[in-house]
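Taking it in order: structure first as structure tokens, then the write-up.
The values are calculated or read from the model by the stated rules, or taken from the named source; none is laboratory data. Only a predicted model underlies this, so the values are computations on that prediction, with no experimental measurement involved. Reconstructed Cβ throughout: ideal geometry from the backbone, glycine too, with neighbour counts over all protein chains shown. Side chains are part of the model used for accessible areas, which takes the heavy atoms of the whole protein and leaves out ligands, DNA and RNA. Shrake-Rupley method; radii C 1.70, N 1.55, O 1.52, S 1.80 Å.
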Amino acid sequence: PRLCVVGSGPAGFYTAQHILKVPEWDLAAVDIYEKLPVPFGLVRFGVAPDHPEVKNVINAFTQTARSERCAYYGNIAVGRDVTVAELQQAYHAVVLSYGAEDNRVLGIPGENLSGVYSARAFVGWYNGLPENRDLKPDLSCETALILGHGNVALDIARILLSPLGLLRKTDITDSSLAALACSKVKRVWLVGRRGPLQVAFTIKELREMINLPGTRPVLNPADFTGLENAVKDAPRPRKRLTELMIKTALEKPGQKMMEMEAQAAAVQAAAPREWGLKFQRSPQEVLPTADGRRVRGVRMALTCLEGSGDSAKAVPTGDVEELECGLVFSSIGYRSLPLDPAVPFDTQRGVIPNSSGRVEGVPGLYCSGWVKRGPTGVIITTMNDSFDTAQSVLEDLQVGVLDVSTSREGFGAVESILRSRGVRPVSFSDWEKIDAAEVARGKAAGKPREKIVDLQEMLQLIGH
């Protein structure tokens, strides 16, 4: 069997890995196609620079890519350089694992004002995603507002408020480090439509934020009254997360008032930076400065919750308030886009309609990862999801849904199509040259790597 996977992020690699390790199909070969010259998707471009341990999965992916039954072809945009139909001609099965390369929009007036950024673009900028290299965010204001209560929102707050000494040792890009060094941002509000019991971030990220050196959390005790009872029977992760927020909000200083005030003054002087969570506020409009160009604040509708737990809905109460800020990040989720007219796509949900990864109505076509189930979850969620899709492919090979009796040419057929269109693929050993160059540049600066953010420079380096 010749199989191909489109996308080299965690979904693509885990799907390939699972297919390659099944003994009864030890003749199966998997080709991985990637739009960029460099592999690993959001592990490289999404995971925060100060979370290097999360990137360790790259070691396993590299083992997969080096297997003699696996090949990597970078710098190929499926849907543009080669169509899905052409891939289906060349392979017995095609798995689409190309993720979510867009962001959800707020859909409110003023979201295109200068100073408003999508979380996706900002994360791409500090992580060296080539398409975001020229973002040049204006960090000259004191207060930033992040709309969203997920881990990406906390990542952005942490990057904005982290001491430079901590970031300097990471693989954050040189130009973003320089921009952050000149940043005036010292206050970050994270705003969500629902309450403390519905936040989407996890305890590890919250704890990191609470313990960030030189920064203090500002949580309003009133937001947490009565929550101890409400959370008694909640699942353990939700319970622990809520208890940590309550503890942070209600932390009572010691008895000796004088000492305490002196300490507080010292802390204030030493910790000019702060961040806080605001709840039950839904953005209505980004407010412009007098010249109509930049953001000066956000008007929020205050909400009340109908229902409870994860399914609670935020309903506007009719009251509004304005929050002043010079910088807004919209962190309300990523969004998948249709890749090719031949592939069914549910624009409402932003996914390819499928059952267990089998694309509806198109035999031999599969999907895994965010384009299969929507842009949620962490790498481990994607791993399980990809194994599920790989299992569907293997079952279909087993029962003969995929006809392996006719041989398929695989990359041989695709290569001539690409050549006729003037497209040159990048191999995994080409990537390893780029990798070595990045690591060498990083070493000179005392970092794990210095990412190359210019596509032309990557291709020049490998003699393309």
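Among V404, V393, which is the only one that is over 27 Å from I332 (Cα atoms), hydrophobic (A, V, I, L, M, F, W, C) and modelled with pLDDT under 95?
Exactly one residue qualifies, and that residue is V404.
Within the group E457, E438, E432, E415, which residue is in the same structural domain as A29 (by the TED database) and in a helix (DSSP H, G or I)?
Unique residue meeting the criteria: E415.
Which count do you get for residues in segment 149-174 that are basic (K, R) and either outside any helix (DSSP H, G or I) or open to solvent by 20 Å² or more (accessible area, probe 1.4 Å) (or both)?
2
Working carefully through the options S330, S356, find the one that is within 23 Å of R194 (Cα to Cα), touching a Ser or Thr at 6+ places or on another chain (Cβ under 9 Å) and modelled with pLDDT of 95 or more.
None of the other options fit; the residue is S330.
(1) touching a helix residue (DSSP H, G or I) at 6+ places or on another chain (Cβ under 8 Å); (2) part of a loop (DSSP other than H, G, I, E, B); (3) at pLDDT 95 or above: which one isn't true of V362, the others all being true?
(1)
State all residues of segment 180-204 that are open to solvent by 30 Å² or more (accessible area, probe 1.4 Å) and either part of a helix (DSSP H, G or I) or among the β-branched types (V, I, T) (or both); if no residue qualifies, say none.
Matches in segment 180-204: A181, L197, T202, I203, K204.
Being more than 24 Å from the chain's Cα centre (by Cα), among the hydrophobic types (A, V, I, L, M, F, W, C) and open to solvent by 50 Å² or more (accessible area, probe 1.4 Å) is the filter here; which residues of segment 318-344 pass it?
Matches in segment 318-344: V320, A342.
So, in segment 289-314, of the ones that are surrounded by fewer than 15 Cβ atoms within 10 Å (Cβ to Cβ) and part of a loop (DSSP other than H, G, I, E, B), which residue ends up modelled with the lowest pLDDT?
Out of the qualifying residues, it is S308.
State whether one or more residues within segment 95-116 are assigned to a helix (DSSP H, G or I) and open to solvent by less than 40 Å² (accessible area, probe 1.4 Å).
Looking for residues that are assigned to a helix (DSSP H, G or I) and open to solvent by less than 40 Å² (accessible area, probe 1.4 Å), one finds none in segment 95-116, hence no.
How many residues does segment 39-53 contain that are of a type in the set (A, V, I, L, M, F, W, C) and assigned to a helix (DSSP H, G or I)?
Adding up the residues that qualify gives 3.
Scan segment 354-379 for residues that are in contact with an Asp or Glu (Cβ under 8 Å, 6 or more places away or on another chain) and either aliphatic (A, V, I, L, M) or open to solvent by 30 Å² or more (accessible area, probe 1.4 Å) (or both) and jot them down.
Correct list: N354, S356, R358, R373, G377.
Just wondering, is there one or more residues in segment 255-271 that are of a type outside the set (S, T, N, Q), at pLDDT 95 or above and more than 26 Å from V231 (Cα to Cα)?
no
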